[in-house]
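Reading through the structure tokens given below for one structure.
What follows is calculated from the coordinates using simple rules that are stated; it is not laboratory data. Every value quoted in this text rests on a predicted model; they were computed, and no experiment measured them. With ideal geometry, Cβ positions are generated from the backbone for all residues, glycine too; neighbour counts draw on all protein chains shown.
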Amino acid sequence: MLRSVTAAVFTVLLGLSACQSGPSVTAPRQVHSMGYGHVTVYPDYAELTVDAAFTRPRLKDAVAEVQRVVDQVLTLSKRYAPGRDDVRVSSTSSNKEFTYVKGKEVFAGFNSTQSVTVRINDLRQLSPYLEQLLATPISRIKDLNYGHSQADSLRHEASVLALADAVKAADKMCAALHVKRGEVLEARDNSSPESSNTNGYQPSANIELYSKSFGGQGFKMSPELLRFDSQCSLSSALE
């Protein structure tokens with residue numbers, strides 16, 4: 001696990017006496033600082049969705065073909081993803097399908113589609129799983145992406161680092177001003193789950209399969225590091 005804390009730029013705000021008619025009110029002197037922290041880790045699981053889709057003249061034939069392929073995918077997937085919730089199956093969707101011939105809409109048959117979402121918790125098994133998956137008559141592999149099973153804890157760890165960074169910055173500013181930092185008045189975590197990233201935008205992979213030829217974006221078999229960012233603000237009194 002790689003951890004680092006980025007430097008931050010801070011501003012000292014000193015409270016001044018407010019000029020009013022009548023008794024004057026003095027605002028407490030404060031120091032306000034921001035802290036930034038992040039935790040960087042390698043992903044420990046991959047998740048992807050497999051589609052089986054067929055168009056046949058009769059609806060029952062399309063549904064039967066989809067079910068046959070889904071059964072193959074389930075049998076294979078449960079060997080690589082044995083956990084109770086590692087394999088999830090969607091309901092079957094069926095619709096009429098039309099195509100255009102010489103500018104006219106022509107009924108092509110009935111299309112039936114079903115999806116299987118699989119989570120691989122051992123990334124060493126991802127490559128052999130995909131090899132065997134491509135040997136089945138599936139229609140598409142989509143939304144291949146990577147994550148970490150301890151994401152919530154890693155976000156919290158980044159927040160702790162950010163808060164420590166804010167405290168350190170406040171102490172440095174107080175030392176530079178030859179004042180002493182007093183009690184903490186407010187500490188706030190300004191980050192959100194959406195602030196986590198993977199060192200930039202990392203789109204999920206999608207592959208269309210046309211008679212076992214490839215189309216679409218392709219697979220990214222070497223995942224990038226996952227980075228969990230946090231930003232905290234701190235307000236402290238000055239003694």
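For His38, His32, which order do you get if you count the other beta carbons within 10 Å of each Cβ and list the fewest first?
His32, His38
Counting residues in the stretch 45-147 as N, plug N into 2.2 N^0.38 Å and put the Cα Rg over that result.
1.22
Grab the Cα-Cα distance for Val101 and Asp85, subtract it from 0.36 nm times how many residues apart they are, and report the gain in nm with one decimal.
In short, 1.3 nm is gained.
Can you pull the one-decimal nm distance between simple spin-label points at Ser127 and Ser192, each 7 Å off the Cα toward Cβ?
3.9 nm
Hey, got the Cα dimensions of the stretch 116-194 along the principal axes, in Å, largest first?
The Cα atoms of the stretch 116-194 stretch 73, 20, 16 Å along the principal axes, largest first.
Whole Å is fine, so just give me how far the alpha carbon centre of the stretch 23-84 lies from that of the stretch 95-118.
Taking the Cα centre of the stretch 95-118 as reference, the centre of the stretch 23-84 is 27 Å away.
Which FRET efficiency, nearest 0.05, do Val160 and Thr75 yield, Cβ-Cβ r, R0 41 Å?
Once the sixth-power term is evaluated, E becomes 0.40.
For Ser94 and Asp61, calculate 0.36 nm times their separation in residues minus their Cα-Cα distance, and state this gained length in nm to one decimal.
10.7 nm
Work out the length of the dipole vector of the stretch 45-147 about its Cα centre, built from +1 on the beta-carbon of each Lys and Arg and -1 on the beta-carbon of each Asp and Glu, and round it to the nearest 20 debye.
280 debye
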